[in-house]
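Report on the structure given below.
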Amino acid sequence: MLRFLLGRLGLLIPTFIGVTLVAFFFIRLLPGDPLELLAGERGIDPARKAELMAQMGFDQPMWKQYFDYVVGIFHGDLGTSFASKKPVLVEFMTLFPATAELALCAIILAVCLGIPAGIFAAVKRGSVADQAIMGTALVGYSMPIFWWGLLLIILFSGILQWTPVSGRISLMFFFPQVTGFMLIDSLLSGEKGAFLSAVRHLILPSIVLATIPLAVIARQTRSAMLEVLGEDYVRTARAKGLTRRAALWRHAVRNALIPVVTIMGLQFSFLLAGTIIIENVFYLPGLGRLIFQAIAQHDLIVVKDMVMLLAAAVIVVNFIVDLLYALLDPRLRGGRHVE
């Protein structure tokens with residue numbers, strides 16, 4: 001187990017270096033000059049441009065710029081936004097709770113519905129229920145999430161008026177940090193109405209964002225369960241007198257969840273990418289909306305740093321998935337290598 005963890009930790013450093021290289025050279029690969037793009041049709045005075053180039057370090061050699069960029073990361077200095085004139089790290093920390101809250105609710109919804117659906121479909125293989133679940137999963141996987149989100153807004157917010165159209169909490173409730181963790185803040189404040197308002201605002205975005213991960217997890221769970229149910233140790237457990245339910249939950253489900261955990265980690269990267277669309281559809285103040293606005297305003301510093309930070313978040317999540325993988329697979333805890 002220790003050897004496995006040390007090996008995974010050893011991979012984090014070169015992976016992070018690769019992420020910083022991609023994020024750094026991303027801004028250099030785009031056509032045009034960043035300052036010219038920022039100025040737009042108005043143009044920029046040559047003297048002012050030279051001053052900004054020196055201020056932002058663009059006049060330095062490429063290796064020096066990259067070195068300063070990495071040093072800045074470890075010192076918490078990611079630069080300053082062209083548009084808002086605020087430090088990028090401050091904007092990230094301000095808006096991250098909204099994105100994290102949405103992504104966490106979506107993955108919980110996808111896991112809580114996808115795994116039971118996949119297990120049930122595998123147990124009822126070939127039945128009408130199996131075909132209905134897998135057919136629904138295929139539709140969910142193929143659904144454009146922006147279109148799906150607009151449909152739900154029209155139905156539940158427009159026609160039925162069950163949920164709010166946009167935002168994170170009703171305007172009647174005031175919180176000093178409106179971009180914090182609304183569910184936690186409203187719960188700790190003791191205001192039941194504020195908590196229910198935050199939940200109602202999260203229902204539709206979470207459902208839309210969870211649609212594709214839910215479909216993927218359900219299909220992967222069914223596939224893994226069908227493979228495990230055909231193994232000798234499951235048949236042996238049944239032959240020793242275990243009931244079908246006991247053999248299913250004690251032996252089949254745990255082993256089938258090993259590849260599913262890996263899929264869950266991979267789906268987290270989709271959730272982060274999906275928030276860029278969902279937060280704009282539902283007008284949520286999160287990192288996705290910040291990235292969209294930065295692209296529209298040619299604020300390439302923000303785009304570069306957001307790419308790096310989100311990629312780093314995916315690296316951390318994948319490391320956590322590796323830990324869960326080791327907990328589920330006793331062969332890794334025993335120090336044996338698994339192909």
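The values are calculated or read from the model by the stated rules, or taken from the named source; none is laboratory data. Values in this document were obtained by computation on a predicted structure and should not be read as measured data. So basically every Cβ, Gly included, is an ideal-geometry build from the backbone, and we count neighbours across all protein chains shown. Remember, those area values only see protein heavy atoms, side chains included, never the ligands or the DNA or RNA. Shrake-Rupley method; radii C 1.70, N 1.55, O 1.52, S 1.80 Å.
Just a few scattered comments:
- Members of region 153-184 that are open to solvent by 80 Å² or more (accessible area, probe 1.4 Å), part of a helix (DSSP H, G or I) and modelled with pLDDT of 85 or more: ILE154, ILE159
- Flag if LEU271 is open to solvent by less than 20 Å² (accessible area, probe 1.4 Å) and either within 27 Å of ILE115 (Cβ to Cβ) or assigned to a loop (DSSP other than H, G, I, E, B) (or both): yes
- Lone qualifier among ALA194, ALA246, ALA198 - being at pLDDT below 80 and under 30 Å from SER166 (Cβ atoms): ALA194
- Of all residues in region 96-106 being touching a residue at least 40 places away in the same chain (Cβ under 8 Å) and open to solvent by 30 Å² or more (accessible area, probe 1.4 Å), the one that is nearest to GLY286 (Cα to Cα): PHE96
- Considering (1) surrounded by 17 or more Cβ atoms within 10 Å (Cβ to Cβ); (2) within 17 Å of the chain's Cα centre (by Cα), the lone condition that VAL253 does not fulfil carries the number (2).
- Inside region 279-308, residues that are part of a helix (DSSP H, G or I) and either more than 12 Å from the chain's Cα centre (by Cα) or acidic (Asp, Glu) (or both) make up a count of 20.
- Scanning region 90-110 turns up at least one residue that is within 14 Å of ALA210 (Cα to Cα), in a helix (DSSP H, G or I) and among the acidic types (Asp, Glu).
- Test: residue in region 123-139 that is open to solvent by 40 Å² or more (accessible area, probe 1.4 Å), at positive phi and assigned to a loop (DSSP other than H, G, I, E, B): yes
- Contacts under 9 angstrom Cβ, first residue in region 199-221 being in a helix (DSSP H, G or I), partner surrounded by fewer than 23 Cβ atoms within 10 Å (Cβ to Cβ) and of a type in the set (D, E, K, R), 6 or more apart: LEU202/GLU101
- Filter pass, GLN267 being more than 22 Å from GLY72 (Cα to Cα) and at pLDDT below 80: no
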